[in-house]
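*Asks:* Okay, here's the structure, questions in a sec.
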Ligand SMILES: *Cc1c(COP(=O)(O)O)cnc(C)c1O
């Protein structure tokens, strides 16, 4: 009901003519130009300014309502927010997209050209950062009090160019010419101490206190990005911290004639928010990265406490008012920081401070990969955050001596095993352990993953505190991933099931009853074809490759990692190519394989896989013998904006990770929602997608998680598969020749070596045969277009569960316990 009312009061807030006037006004008053002289950049900024008239109004009303109600709020701490572009999304959410499009058309401008001026806000690597972006969208849409906290990176994830088939990284400058969505809030600047030493002092009361004498201060400047809920009742904020040199420091040095030093002070401070670390799955043990983590946690906690203190004079209500969600372990240092503030600055005793921390923090685990579990060297902590190390030691001491001792008396081996400090040549702080020991809830991100978190990752912690472990399956916002990116399908659903589905995605289910309807099928497939034509045009523009929209589009888009097994798809492509060469009549419908992926700059094998895909593509695409039956495309610079063109155009969604390694995946959800069929393993959320769409509407292949474990336990030998399958042997050997790299044999050999001598850690060879076999079934199914249409419709109509609104309601119910606040 509330949503309906919001529609009446807020969403048709501007007519086309009013919007036109607003754009023209802002061209002149905001951009300092006029209709005759303005370039597209100015038109875009003027359009944003017109939208912002509505957005800022709602932002103010929302913060007023939250302040008046003094309501409990969630603080979502994340080192990454992969926002993409905001203009189209915000226009849809405030309900002016149609008015804006028509107003711009009247002014002689195409809304798509204008919105193409916006750079992506790529302040994240992949799934984890995009999840944070979907979650803050849903929190605003559902009218929950929430603040997202992160870092205002000057450079987001690198821009990827492909030169000679290889990935080249270029800097990303998303705000070089200003960004109309962000508001600087100098009134909320924070100071952050670093380095130095800890002094023990005794007060007049004889009590011991710790004083941290910092060696350095940096300043955190907040930038607020409005987060517009659908129908724009609530506009929350994403607050991103920019690092600056603290003012007072420079001037002393400067006046003493040390201009160079003051400059280096300045650049060191500004380095903290300069770049996003591009490592997706393996952790960089870099001092600057630890400082980044502490910097944004310290700023955010000070901000949370400042707001709390407006209405409270002691900390007795703190954990009632604030819940802090840690998106992976990256913000873990917030835990000892809150302890430090409460004890050293606010004068609480340990037990009271600890009780507050235990009720305030909750932790989301995103991975089981051992190399991705964060650990920080003790010596680094000691240098950068000496007081925090003391606090971690004390948390650990109490945990081992009280809780572990009580559960496993006298078991020193267990204490060593569960200690937050890992002993060894270099002693390390295990950040995930600190999270689980402190947080009142630890959640995994899909049903299967949450089970593995309990059974494999933290079994002893689960034994200690079974009630702390919960699951919240990931989701994606249907506003961006259907409404805004697939207008055609969105309109078809509006006509079929009504217009409530962007809020209640389960209502798409109403379309499933037309899955057998010939006319509905025809319309559905016509839309898919239209999106494929749009993508084919983009492919020709970006890659110079012509693909037919009548071919089956197999799409594999995600960060490049061995566990995601892009090289399994590559081996499969080689097998198909070989079959076509050996038998020109080989029975297969025309196929296009489309990849999009960034590799971490230091991840050699991942970059080699990108190179191999491009080299194979060159050869296959230009081989007249196979008569265009197979095409391979690598689209450069995969990011949210490209993803919005790719998800609607996929026929087959490749989700082929080794079972047990992909925590959830969210790309799989975006594909199914847009009517692609999954060809995937029993991994992450694929398992739950299968439950929703039914076994007959998904193509599962390969080993499941138990089979993977059993094979590893029995001693996996990739050579058995190499010698056991002549086709597999042939394609692997092919990689060592110069067939794909004329005159340069061996350029693609690293892939083969990783899969044989390297031991094939992700069991690519073990799943190869099952993949190729199941692929044949997909090809056969696709050629029966009526059957395919039915399956595609059922997929799209059945994945309402994967709405991020549902994820948020699960978080609220199981962890956050929030109440909605309706702004006026
Ligand atoms: C959804 C999304 C991801 C996550 O994809 P997975 O297949 O779940 O790894 C990564 N990057 C972008 C740009 C996305 O939109």
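*Asks:* Residue 123 passes all but one of (1) closer than 26 Å to residue 821 by Cα; (2) within 16 Å of the ligand (Cβ to nearest atom); which number fails?
*Replies:* Here residue 123 meets the rest and fails (1).
*Asks:* Here's something else I'd like to know. Residue under question is residue 683, and the condition is that it be within 12 Å of the ligand (Cβ to nearest atom), in the same structural domain as residue 797 (by TED's automatic domain parsing) and farther than 30 Å from residue 492 by Cβ; does it hold?
*Replies:* yes
*Asks:* Next up: Would you mention how many residues in region 514-541 are farther than 17 Å from residue 785 by Cα and out of contact with any helix residue (DSSP H, G or I) (no Cβ under 9 Å at 6 or more places or on another chain)?
*Replies:* Summing the residues that are farther than 17 Å from residue 785 by Cα and out of contact with any helix residue (DSSP H, G or I) (no Cβ under 9 Å at 6 or more places or on another chain) in region 514-541 gives 4.
*Asks:* Still on this model: Tell me, which residue of region 331-377 that is part of a loop (DSSP other than H, G, I, E, B) and out of contact with any helix residue (DSSP H, G or I) (no Cβ under 6 Å at 6 or more places or on another chain) is surrounded by the most Cβ atoms within 10 Å (Cβ to Cβ)?
*Replies:* Only one residue fits best here, namely 367.
*Asks:* Continuing with the same structure: Give 551, 569, 617 a once-over and let me know the one that is within 16 Å of the ligand (Cβ to nearest atom) and touching a residue at least 40 places away in the same chain (Cβ under 8 Å).
*Replies:* 569
*Asks:* Within 20 Å of residue 471 (Cβ to Cβ), without any contact (Cβ under 8 Å) to a residue 12 or more places away in the chain and part of a helix (DSSP H, G or I), is that true of residue 813?
*Replies:* So residue 813 fits the description; yes.
*Asks:* While we're here: Restricting attention to region 659-678, and to residues there that are away from the ligand (no atom under 11 Å from the Cβ) and within 20 Å of the chain's Cα centre (by Cα), which single residue is nearest to residue 476 (Cα to Cα)?
*Replies:* Among residues in region 659-678 that are away from the ligand (no atom under 11 Å from the Cβ) and within 20 Å of the chain's Cα centre (by Cα), the one nearest to residue 476 (Cα to Cα) is 673.
Results for (1) touching a residue at least 24 places away in the same chain (Cβ under 8 Å); (2) assigned to a helix (DSSP H, G or I); (3) surrounded by fewer than 19 Cβ atoms within 10 Å (Cβ to Cβ), shown as yes or no for each residue.
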{"residue": "643", "(1), (2), (3)": "yes, yes, no"}
{"residue": "646", "(1), (2), (3)": "yes, yes, no"}
{"residue": "659", "(1), (2), (3)": "yes, no, no"}
{"residue": "669", "(1), (2), (3)": "yes, yes, no"}
{"residue": "687", "(1), (2), (3)": "yes, yes, no"}
{"residue": "708", "(1), (2), (3)": "yes, yes, no"}
{"residue": "713", "(1), (2), (3)": "no, yes, yes"}
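*Asks:* State all residues of region 542-553 that are touching a helix residue (DSSP H, G or I) at 6+ places or on another chain (Cβ under 8 Å) and outside any loop (DSSP other than H, G, I, E, B); if no residue qualifies, say none.
*Replies:* 552, 553
*Asks:* Return only the number of the condition from (1) at pLDDT 95 or above; (2) assigned to a helix (DSSP H, G or I) that residue 251 does not satisfy.
*Replies:* The one condition residue 251 does not meet is (1).
*Asks:* Let me ask something else. In this structure, is residue 59 more than 16 Å from the ligand (Cβ to nearest atom), touching a strand residue (DSSP E or B) at 6+ places or on another chain (Cβ under 7 Å), touching a residue at least 12 places away in the same chain (Cβ under 8 Å) and closer than 22 Å to residue 666 by Cα?
*Replies:* Against the criterion (more than 16 Å from the ligand (Cβ to nearest atom), touching a strand residue (DSSP E or B) at 6+ places or on another chain (Cβ under 7 Å), touching a residue at least 12 places away in the same chain (Cβ under 8 Å) and closer than 22 Å to residue 666 by Cα), residue 59 does not qualify.
*Asks:* Kindly indicate whether any position in region 23-35 is more than 15 Å from residue 180 (Cβ to Cβ), surrounded by 16 or more Cβ atoms within 10 Å (Cβ to Cβ) and not assigned by TED's automatic domain parsing to the domain that holds residue 241.
*Replies:* Yes - at least one qualifying residue is present in region 23-35.
*Asks:* Now a separate question. Out of all the residues in region 287-296, is one or more touching a residue at least 40 places away in the same chain (Cβ under 8 Å) and either surrounded by fewer than 20 Cβ atoms within 10 Å (Cβ to Cβ) or within 16 Å of residue 73 (Cα to Cα) (or both)?
*Replies:* For region 287-296, residues touching a residue at least 40 places away in the same chain (Cβ under 8 Å) and either surrounded by fewer than 20 Cβ atoms within 10 Å (Cβ to Cβ) or within 16 Å of residue 73 (Cα to Cα) (or both): present.
*Asks:* Evaluate region 425-439: report whether one residue or more is out of contact with any strand residue (DSSP E or B) (no Cβ under 9 Å at 6 or more places or on another chain) and surrounded by fewer than 16 Cβ atoms within 10 Å (Cβ to Cβ).
*Replies:* There is at least one residue in region 425-439 that is out of contact with any strand residue (DSSP E or B) (no Cβ under 9 Å at 6 or more places or on another chain) and surrounded by fewer than 16 Cβ atoms within 10 Å (Cβ to Cβ).
*Asks:* Also, quick follow-up: Could you check, for region 627-640, whether at least one of its residues is surrounded by fewer than 24 Cβ atoms within 10 Å (Cβ to Cβ), within 16 Å of the ligand (Cβ to nearest atom) and assigned to a helix (DSSP H, G or I)?
*Replies:* Yes - at least one qualifying residue is present in region 627-640.
*Asks:* So residue 398 passes all but one of these: (1) surrounded by 20 or more Cβ atoms within 10 Å (Cβ to Cβ); (2) free of Cβ contacts under 8 Å to residues at least 60 places away in the same chain. Which condition number does it fail?
*Replies:* (1)
*Asks:* Looking at the structure I just gave you, is residue 608 more than 12 Å from the ligand (Cβ to nearest atom) and in contact with a helix residue (DSSP H, G or I) (Cβ under 9 Å, 6 or more places away or on another chain)?
*Replies:* Taking the combined requirement at face value, the residue satisfies it.
The values are calculated or read from the model by the stated rules, or taken from the named source; none is laboratory data. Bear in mind the structure is a predicted one, so any value in this text is a computation, not a measurement. Every residue, glycine as well, gets a Cβ built from its backbone with ideal geometry; the counts of neighbours run over all protein chains shown.
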